[in-house]
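The values are calculated or read from the model by the stated rules, or taken from the named source; none is laboratory data. Please read all numbers here as calculations on a predicted model, not as lab measurements. Glycine also receives a Cβ, built like all others from the backbone with ideal geometry; neighbour counts cover every protein chain displayed. Please note that ligands, DNA and RNA were not included when accessible areas were found on the heavy atoms of the full protein model with its side chains. Shrake-Rupley method; radii C 1.70, N 1.55, O 1.52, S 1.80 Å.
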Amino acid sequence: MMSGNISLYQMCKCFTKHLPTVRMPVLCSSCSEKRAVLKRPKTGHSLCKACFFWAFEEEVHQTIVAAKLFKPGETVGIAASGGKDSTVLAHVMKLLNERYSYGLELMLISVDEGITGYRDDSLETVKRNQQQYELPLKIVSYEELYGWTMDAIVKQVGLKNNCTFCGVFRRQALDRGAIMLKVDKICTGHNADDVAETVLMNVLRGDIARLRRCTAISTASEGDGVVPRCKPLKYAYEKEIVLYAYFKKLDYFSTECIYSPNAYRGYARTFLKDLESIRPSSIMDIIHSGENLSVREGVKMPVQGTCNRCGYISSQALCKSCVLLEGLNRGLPKLGIGKHHRLHEKILSQQPLTESEERKLKSVDF
């Protein structure tokens, strides 16, 4: 028997302190009926699966409607890599096209960069997506278009700037695939994290021209050989795209490119993740800053024209792709990379190089 000096509160505390903690299930903050299975990184709301799916899909729909991304009757190519972003994009675009009668003809366009053990596997995922979503698929390859694979390019240029080659070639390859399919627009899986990273990269590089246009949700056709692009997932957080793919059990490829560990974007991504852990709204704040950016009058901006060699859009006589290809084909991996502009111009105008200049451009340590 316990002493009479012990209070009722102390007795209760004594009897209950070793009992297991029982947590009440958190109800969905939207429907208030089902049990919540996740807390949205973007808003902090606790949602059940059904309400999360609806909220995610409706936000993408509102993005499409508000920006007037598509018109009824258009043929839209979905850039498909087999990764989470493009797989979620293909799934949501097909779903919304049917739910809201957009009247679009959808098809998948994929680029084979020629990376053994990486792109081979991801293309198998794309082919399965083609069957799952019943959409036409077109695959274009670097080897077919440029005569080079990324494996061969890396052997010549090394690992430091290989992403420059891949990025330039992929953009043009996607356009060429779109032209072959005669699509009206291309939509890509760029998400909010991607856009915020690009803003940061362009700020750090001091690239005002790209900074002005990198937050645009769509790009109008700027010349022959260029298909307009748009980003339906522009305001979708990467974490929520992963959650959507996971709970929907979508089939996607999740391995990172074997040649990307040294990519400059990786450092911007790490910095952004650190910011997000402190302030979750950092991603959207950076995007809005980029959208509201103004450039003072008198700042010289590049004038868009077309490449004299291939006809692709370019602000120079030769587009970046043709310059890089020229360097690869001539065994000069530095051509088009870094700050050797005088040597680049000399080469492209067919002027002979001195022995020291040629050694500098042949070095892969750059």
Query raised in the report: If you scan segment 65-90, which residues turn out to be surrounded by fewer than 21 Cβ atoms within 10 Å (Cβ to Cβ) and part of a helix (DSSP H, G or I)?
Result: 65, 66, 67, 84
Query raised in the report: Taking the stated definitions as given, is residue 224 of a type in the set (Asp, Glu) and modelled with pLDDT under 85?
Result: yes
Query raised in the report: Going by the conditions given, is residue 344 modelled with pLDDT of 75 or more and not in a loop (DSSP other than H, G, I, E, B)?
Result: no
Query raised in the report: Does segment 164-197 hold any residues that are in a helix (DSSP H, G or I) and within 13 Å of the chain's Cα centre (by Cα), and which are they?
Result: 167, 170, 171, 192, 193, 194, 195, 196, 197
Query raised in the report: So which of 250, 233, 293, 272 ends up being of a type outside the set (Ser, Thr, Tyr) and under 18 Å from residue 59 (Cα atoms)?
Result: 233
Report summary line: Selection from segment 139-183 of residues open to solvent by 40 Å² or more (accessible area, probe 1.4 Å) and closer than 10 Å to residue 111 by Cβ yields 139, 170, 171, 176
**Report entry** Odd one out for residue 37 among (1) at pLDDT 95 or above; (2) closer than 22 Å to residue 250 by Cβ
**Finding:** (1)
Query raised in the report: Which of the residues belonging to segment 268-302 are free of Cβ contacts under 8 Å to residues at least 60 places away in the same chain and closer than 21 Å to residue 217 by Cα?
Result: 281, 285, 288, 292, 294
Query raised in the report: Among the residues of segment 242-251, is any open to solvent by less than 70 Å² (accessible area, probe 1.4 Å) and either within 21 Å of residue 140 (Cβ to Cβ) or free of Cβ contacts under 8 Å to residues at least 60 places away in the same chain (or both)?
Result: no
Query raised in the report: Looking at this structure, is residue 217 under 21 Å from residue 112 (Cβ atoms), touching a Lys or Arg at 6+ places or on another chain (Cβ under 6 Å), of a type outside the set (Lys, Arg) and open to solvent by less than 50 Å² (accessible area, probe 1.4 Å)?
Result: no
Query raised in the report: Among the candidates 108, 96, 123, 104, which residue alone is farther than 27 Å from residue 168 by Cβ, open to solvent by less than 40 Å² (accessible area, probe 1.4 Å) and touching a strand residue (DSSP E or B) at 6+ places or on another chain (Cβ under 8 Å)?
Result: 104
Query raised in the report: If you take the residues of segment 126-138 that are open to solvent by less than 30 Å² (accessible area, probe 1.4 Å) and not hydrophobic (A, V, I, L, M, F, W, C), which of them is farthest from residue 337 (Cα to Cα)?
Result: 133
Query raised in the report: Just one of the numbered conditions (1) in contact with a strand residue (DSSP E or B) (Cβ under 9 Å, 6 or more places away or on another chain); (2) outside any loop (DSSP other than H, G, I, E, B) is not true of residue 272; which one?
Result: (1)
Query raised in the report: Quick one: how many residues across segment 279-324 are open to solvent by 30 Å² or more (accessible area, probe 1.4 Å), under 23 Å from residue 148 (Cα atoms) and part of a helix (DSSP H, G or I)?
Result: 1
Query raised in the report: Within segment 198-215, can you find the residues that are over 12 Å from residue 289 (Cβ atoms), in a loop (DSSP other than H, G, I, E, B) and in contact (Cβ under 8 Å) with a residue 40 or more places away in the chain?
Result: none
